[in-house]
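Step one of this worksheet: look at the structure below.
The values are calculated or read from the model by the stated rules, or taken from the named source; none is laboratory data. The structure displayed is predicted, hence computed values, not measured ones. Positions of Cβ are backbone-derived with ideal geometry, glycine not excepted, and every protein chain shown enters the neighbour counts. Side chains are part of the model used for accessible areas, which takes the heavy atoms of the whole protein and leaves out ligands, DNA and RNA. Shrake-Rupley method; radii C 1.70, N 1.55, O 1.52, S 1.80 Å.
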Amino acid sequence: QLVESGGGLVQVGGSLRLSCAASGAEFGWNARSWFRQAPGKEREFVAGINLRSNSAKYSGPVEGRFTISRDNVKRTVYLQMNSLKPEDTAVYYCASRLATTVTSRNDDWTAWGQGTQVTVSS
């Protein structure tokens with residue numbers, strides 16, 4: 001089970017850190033990612049991390065502003081979001097998969113959290 005936290009309301013240019021904690025059996029999960037879904041839009045890939053190699057991948061709109069990281073002891077993956085823009089407003093979801101490859105396809109990810117709302121006000 002994946003549980004996201006850390007969402008909230010922030011002004012343009014501000015920062016937030018999202019957390020994705022894994023509970024229960026996590027054996028075999030080798031990659032974790034963040035997706036987001038804005039109202040009226042499809043869910044899109046934001047960032048992902050290979051939990052074996054620690055290599056990360058980002059979507060174009062967030063590269064340079066967002067950073068994904070992990071804490072293996074806490075079984076938690078973080079998304080540090082800086083220089084937030086109104087277009088970053090969305091529900092952010094955490095996902096896991098067995099393979100180590102980070103992909104941007106929703107269907108490639110097996111387990112999903114319930115989401116956390118991020119709202120950036122101008």
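Residues in the range 1-21 that are modelled with pLDDT of 95 or more, surrounded by 14 or more Cβ atoms within 10 Å (Cβ to Cβ) and among the small types (G, A, S): S5, G6, G7, G14, S19.
If you go through the range 73-101 and pick out every residue that is touching a Lys or Arg at 6+ places or on another chain (Cβ under 6 Å), among the polar types (S, T, N, Q) and open to solvent by less than 40 Å² (accessible area, probe 1.4 Å), you end up with 1.
If I filter the range 41-70 down to residues being modelled with pLDDT under 95 and more than 14 Å from the chain's Cα centre (by Cα), which single residue comes out as nearest to R17 (Cα to Cα)? Result: N54. Among the candidates Q117, Q80, single out the residue that is farther than 17 Å from K41 by Cα, touching a residue at least 12 places away in the same chain (Cβ under 8 Å), among the polar types (S, T, N, Q) and touching a Phe, Trp or Tyr at 6+ places or on another chain (Cβ under 9 Å). Going through Q117, Q80 in turn, the sole match is Q80. Applying the criterion of being part of a loop (DSSP other than H, G, I, E, B) and closer than 14 Å to Y92 by Cβ to the residues of the range 31-64, the residue that is least open to solvent (accessible area, probe 1.4 Å) is V62. Residues of the range 102-118 that are outside any loop (DSSP other than H, G, I, E, B) and either surrounded by 15 or more Cβ atoms within 10 Å (Cβ to Cβ) or among the aromatic types (F, W, Y) (or both): N106, D108, A111, W112, T116, V118. Please verify whether G24 is at pLDDT below 95, assigned to a loop (DSSP other than H, G, I, E, B) and not basic (K, R), treating the condition exactly as stated. Answer is yes for this residue.
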